[in-house]
Structures are given as C-alpha cells and as structure tokens.
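To start, the structure under review is shown below, and the notes come after it.
The values are calculated or read from the model by the stated rules, or taken from the named source; none is laboratory data. The structure displayed is predicted, hence computed values, not measured ones. So basically every Cβ, Gly included, is an ideal-geometry build from the backbone, and we count neighbours across all protein chains shown. Surface areas here come from the heavy atoms of the whole protein model, side chains and all, with no ligands, DNA or RNA. Shrake-Rupley method; radii C 1.70, N 1.55, O 1.52, S 1.80 Å.
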Amino acid sequence: MPSALLIGAITHARKEWEDLSSLLTLKEFPSGTREDFVRNCQDGQYDDVQVIYRSNASTKFTGPFDAELLSVLPKSLKYICHNGAGYDNIDIPGCTQRGILVSSTPVAVNHATADVGIFLMIGALRQAYVPLAALRAGQWQGQTTLGRDPQGKVLGILGMGGIGREMANRAKAFGMKIHYHNRSRLAPELEGDATYVSFDELLATSDVLSLNLALNANTRHIIGTKEFEKMKDGVVLVNTARGALIDEKALVTALESGKVLSAGLDVYENEPVVEQGLVNNPRVMLLPHIGTMTYETQKDMELLVLNNLRSAVEKGEMITLVPEQKA
C-alpha cells in the first residue's frame, strides 16, 4: 500500500485524514527541522510516499520546497497537496520537471480574505488606527483626522481571481466603481459590471488599489517607485495577497510624501519582520497575516486538501491543480 506523508498538523479535519488509512499508509512529520526532514528522506523512511500534505504553516519545519528539497524527496512522490491559496514557497517548475502535480486551496479562502481586505480598506480610508490607539491610551480622539468615504470611489483590483471578485462584490455595497487588471480579460459572467483596464490605467484611475494576485518572479515588486508615480495623489493601498508584491521601502517613501494617503496590509515582504517605516506610521492599518484565520475557512481548506489527496490517489487527478500545471 502506498503512503501519504503529513507535514505539520491537521487541526479541524483529523478524522478525515485518519479515514484515508483504508487507502494509504499514513505517515507524519509533525515538527522538526529541515535537517531532520532531509535525513528522513535520505534514510529511506519515505520511499513509498506517493502524496505529501504540506502547508504554508509547515514551512517553518521543512523550509521551502525549493530545488534543494525537491532533490531529496522520494522518487515515488507523485502529488503535493498544499494547504494555502499562495504557494510561492514551492518550486512549481521544479515539481513539473519531476512529474509531481501540486494542488492549492483557492475558493476556500475567498470569503475570509475578501472580508479582511474590506476591513483594511475601510480602516485605511478612515485612518482608523489613530483613534483606536488614542482611545486605548486614554486620549479619546487624540490626533484623529477626517477620513474618506468609499462611495463613488474607484476600487482598482490587480488580480481579479476568486478573492478579487469577492472584494468587488463587497465594494459594490459601498457604492464603489470597480476597475480591474488581469493577464487576460474575464468572461462577461465573471466580469459583471467591473471595467477591464490596462495596468497603467489601473494605476492612474484607482482611488483605492487592492492587490489580489499571486507572487511569482514576474509579480515580485510589481508595485514600486515607478508605479507609485503613476497613481493619484492620496491613493489608498490594500494588500492581502503577498508582501513582496510591493517594494516596502518605496511604499514607506510614498506614505511619507503623502502620495499614498494610507494603507491596509495583512502581508509583508519579510514576515514576521515588518518594515519599521510601516510600523511607525499611524496612517497604516496593520494585521499579522490573518486573512484566512477563521474556523470555517481553516476547516474548508483542510477538507479541500484532503479531497485533493483522495482524488489524486483514486483518480490520478487533482481538483484544484495550480494554474501553472494546467494543460
């Protein structure tokens, strides 16, 4: 019987994982170091492993699934079922080259991430951190200034996938107009009444710019000094995707100059370290990467990983294969 290897923990769908024991021998690497994991691979402990369940959280044990790690993974490995919408810690071209299919957890994260995006957007528009901090410091309103209303503003969405579309749905309730840019225009039924624009036009027309795209070599620092120059004065920036989409030092400069009025961030370039210029700026709403941290979403993500795992073993195909591997 082939094996499945769980790296890290399953919190909400433990029973569903254990139910797979009729199909697979279940192995676990609950914690440890990259050196421990590499040694286990080299010692042959995982030589019958066909499928791995890993997550963004388990990266702290193994480090990224980069070329070095891929080189020691068992030859029997065919599938990596990843718990996370983002998978920039997996070398997808390397996996493809080795014939390893990779799945992620889109859809399951859409609502919770979009909710946090809207929370950060309203918080940034109202510069809500200033009164929040003042009140807890016993200063009532402190240095609170007038905020901005969302009504009538243009929300520019860079990356109109599932999360981006949920951001758009929520923003419409606030009376916002939606502009978006994607590598390719959406089908009319997905686009709705949003307006497809070029990247430069998105930068030029957005009152609020929300980043909802994947991080890869092409999108790293997609927003930097040159892009800030093309934006409206007083633009608001929201990022719930990946921190490295933004050149954070350039963002600090744009905030200090007033080019960017305020920002709402859930993700950072060098997590858990946050650029000090962002921490020190009270016009920035900061959250510690909690976009998907709800009970319902975490459970849905775990179940989707296990459904991918079961489908891979039983049918030889993944339900939510990463886009780069779709024919």
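Quick one: in the range 67-88, which of the residues that are part of a loop (DSSP other than H, G, I, E, B) and polar (S, T, N, Q) is least open to solvent (accessible area, probe 1.4 Å)?
Filtering the range 67-88 down to residues part of a loop (DSSP other than H, G, I, E, B) leaves 71-78, 84-88.
Next cut, polar (S, T, N, Q) only: 71, 76.
On the way: S71: 83, S76: 37 Å².
Filtering the range 67-88 for residues that are part of a loop (DSSP other than H, G, I, E, B) and polar (S, T, N, Q), the one least open to solvent (accessible area, probe 1.4 Å) comes out as S76.
Can you find even one residue in the range 159-173 that is basic (K, R) and outside any helix (DSSP H, G or I)? Break it down into steps so the answer makes sense when it comes.
Here is the first cut: in the range 159-173, the ones basic (K, R) are 165, 170, 172.
If we keep only those that are outside any helix (DSSP H, G or I) too, we end up with none.
No, because not a single residue in the range 159-173 is basic (K, R) and outside any helix (DSSP H, G or I).
So which of L304, L287, L321 ends up being at pLDDT 95 or above, in contact with a strand residue (DSSP E or B) (Cβ under 9 Å, 6 or more places away or on another chain) and farther than 30 Å from L77 by Cα?
Values: L304 fails: farther than 30 Å from L77 by Cα; L321 fails: farther than 30 Å from L77 by Cα.
Residue meeting the stated conditions: L287.
Given V116, V130, which one is of a type in the set (V, I, T) and over 25 Å from S257 (Cα atoms)?
Numbers: V130 fails: over 25 Å from S257 (Cα atoms).
After ruling out the rest, the residue left standing is V116.
So which of T11, T33, T105, T25 is among the β-branched types (V, I, T), in contact (Cβ under 8 Å) with a residue 60 or more places away in the chain and open to solvent by 10 Å² or more (accessible area, probe 1.4 Å)? Break it down stepwise before answering.
Working: T33 fails: in contact (Cβ under 8 Å) with a residue 60 or more places away in the chain; T105 fails: open to solvent by 10 Å² or more (accessible area, probe 1.4 Å); T25 fails: in contact (Cβ under 8 Å) with a residue 60 or more places away in the chain.
After applying the criteria, what remains is T11.
Take the residues in the range 198-207 that are within 21 Å of M121 (Cα to Cα) and in contact with a strand residue (DSSP E or B) (Cβ under 8 Å, 6 or more places away or on another chain); name whichever of them is most open to solvent (accessible area, probe 1.4 Å). Step through it out loud before you land on a result.
Within the range 198-207, the first condition is being within 21 Å of M121 (Cα to Cα), and the residues that meet it are 199, 201-207.
Filter once more, so that each one left must be in contact with a strand residue (DSSP E or B) (Cβ under 8 Å, 6 or more places away or on another chain): 199, 201-203, 205-207.
Numbers: F199: 48, E201: 87, L202: 0, L203: 1, T205: 36, S206: 1, D207: 37 Å².
The selected residue is E201.
Scan the range 192-215 for residues that are of a type in the set (S, T, Y) and in a helix (DSSP H, G or I) and jot them down. Talk me through it step by step, then tell me what you get.
Step one: filter the range 192-215 for residues of a type in the set (S, T, Y), giving 195-196, 198, 205-206, 210.
T205, the sole residue that qualifies.
Quick check: is even one residue across the range 303-317 open to solvent by less than 10 Å² (accessible area, probe 1.4 Å) and assigned by the TED database to the domain that holds L120?
No, that holds for no residue.
Which number in (1) open to solvent by 50 Å² or more (accessible area, probe 1.4 Å); (2) over 24 Å from the mean Cα position of the chain (by Cα) marks the one condition that V38 misses?
(1)
Table: residues versus (1) open to solvent by 70 Å² or more (accessible area, probe 1.4 Å); (2) without any contact (Cβ under 8 Å) to a residue 24 or more places away in the chain.
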position: L146; (1), (2): yes, yes
position: P150; (1), (2): no, no
position: V154; (1), (2): no, no
position: E166; (1), (2): no, no
position: A173; (1), (2): yes, yes
position: N182; (1), (2): no, yes
position: L186; (1), (2): no, no
position: L209; (1), (2): no, no
position: L213; (1), (2): no, no
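Quick check on the range 47-62. Is at least one of its residues of a type in the set (A, V, I, L, M, F, W, C), open to solvent by less than 60 Å² (accessible area, probe 1.4 Å), farther than 22 Å from A241 by Cβ and in contact with a Cys (Cβ under 8 Å, 6 or more places away or on another chain)?
Yes, the conditions are met somewhere in the range 47-62.
Residue check: is T96 of a type in the set (V, I, T) and over 20 Å from A312 (Cβ atoms)?
Values: of a type in the set (V, I, T): yes; over 20 Å from A312 (Cβ atoms): no.
No: the conditions fail for T96.
Kindly indicate whether any position in the range 269-283 is within 19 Å of the chain's Cα centre (by Cα), aliphatic (A, V, I, L, M) and surrounded by 20 or more Cβ atoms within 10 Å (Cβ to Cβ).
Within the range 269-283, none of the residues are within 19 Å of the chain's Cα centre (by Cα), aliphatic (A, V, I, L, M) and surrounded by 20 or more Cβ atoms within 10 Å (Cβ to Cβ).
So which residues in the range 123-142 are open to solvent by 30 Å² or more (accessible area, probe 1.4 Å), outside any loop (DSSP other than H, G, I, E, B) and without any contact (Cβ under 8 Å) to a residue 40 or more places away in the chain, if there are any at all? First the steps, then the outcome.
First pass over the range 123-142, keeping only residues open to solvent by 30 Å² or more (accessible area, probe 1.4 Å): 126, 129, 131-133, 135-142.
From what's left, outside any loop (DSSP other than H, G, I, E, B): 129, 131-133, 135-136.
Of everything in the range 123-142, those that are open to solvent by 30 Å² or more (accessible area, probe 1.4 Å), outside any loop (DSSP other than H, G, I, E, B) and without any contact (Cβ under 8 Å) to a residue 40 or more places away in the chain turn out to be P131, L132, L135, R136.
What tally of residues in the range 1-27 results from selecting those that are under 21 Å from K75 (Cβ atoms) and either assigned to a strand (DSSP E or B) or within 24 Å of the chain's Cα centre (by Cα) (or both)? Working first, answer last.
Restricting attention to the range 1-27, the residues satisfying the condition of being under 21 Å from K75 (Cβ atoms) are 1-7, 23-27.
Those still in the list that are either assigned to a strand (DSSP E or B) or within 24 Å of the chain's Cα centre (by Cα) (or both) too: 3-7, 25-27.
The number of residues fulfilling the criteria is 8.
For the range 284-293, give me each residue that is open to solvent by 30 Å² or more (accessible area, probe 1.4 Å) and within 15 Å of P106 (Cα to Cα).
Once the filter is applied, which keeps residues that are open to solvent by 30 Å² or more (accessible area, probe 1.4 Å) and within 15 Å of P106 (Cα to Cα), the range 284-293 yields T292, M293.
Being touching a residue at least 60 places away in the same chain (Cβ under 8 Å), in contact with a helix residue (DSSP H, G or I) (Cβ under 9 Å, 6 or more places away or on another chain), crowded, with 22+ Cβ neighbours inside 10 Å and closer than 15 Å to L304 by Cα, is that true of even one residue in the range 89-102?
yes
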